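Data first, discussion second: the structure below is written as structure tokens.
The values are calculated or read from the model by the stated rules, or taken from the named source; none is laboratory data. Just so you know, these numbers come straight off a predicted model, no measurement behind them. Cβ atoms come from the backbone with ideal geometry, glycine included; neighbour counts cover every protein chain shown.
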Amino acid sequence: MLRIQSENMLEATPIFDALAKTSILADSVIAAAYRIALAEAPPPPQPNPMRRAPDDGDCLGAWECVESILGSDADLVFVIPDADSPEHAFWTSVAERMIQTLSAYTGGLMFAWTTRLRPNGREGDLVQSEGAV
């Protein structure tokens, strides 16, 4: 992030180039947090036999670089397929672990993450099923 912002300021990188690089960086950070969270989460009590193995794309939403502003917070929304609704508690624990990982202070914060943009606001479930969205 420091390199992206330094290029933007010192080399007069076009803003949309800086936003695109920021989006790529955010995708990489989210994917890493997802892998960590999956590795640390206890397995669901009765896994859904129809569920395919998750990959990074399962947790990554669209990160719209055009709408993002350097220094603004990044909104995270967690949505699971309706078929995985019986494993809601498992996916909620994965989402919580992701948030813990993403929010960990490691000499500075790269992004400010928020999960407040849910269908029912902050009081709603952290993880939503497709049918509920």
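Tell me, which residue of the range 72-90 that is within 18 Å of the chain's Cα centre (by Cα) and not in a loop (DSSP other than H, G, I, E, B) is farthest from ASP125 (Cα to Cα)?
Looking at the filtered set, the residue picked out is ALA74.
For a quick check of your reading of the model, give me the residue pairs whose first member lies in the range 62-91 and is at pLDDT below 60, whose second is polar (S, T, N, Q), with beta-carbon atoms closer than 7 Å and at least 6 apart or on different chains.
Listed by first residue and then by second, the contacts come to TRP63/SER23; CYS65/THR22; CYS65/SER23; SER68/THR22; SER68/SER23; LEU70/GLN5; LEU70/THR22.
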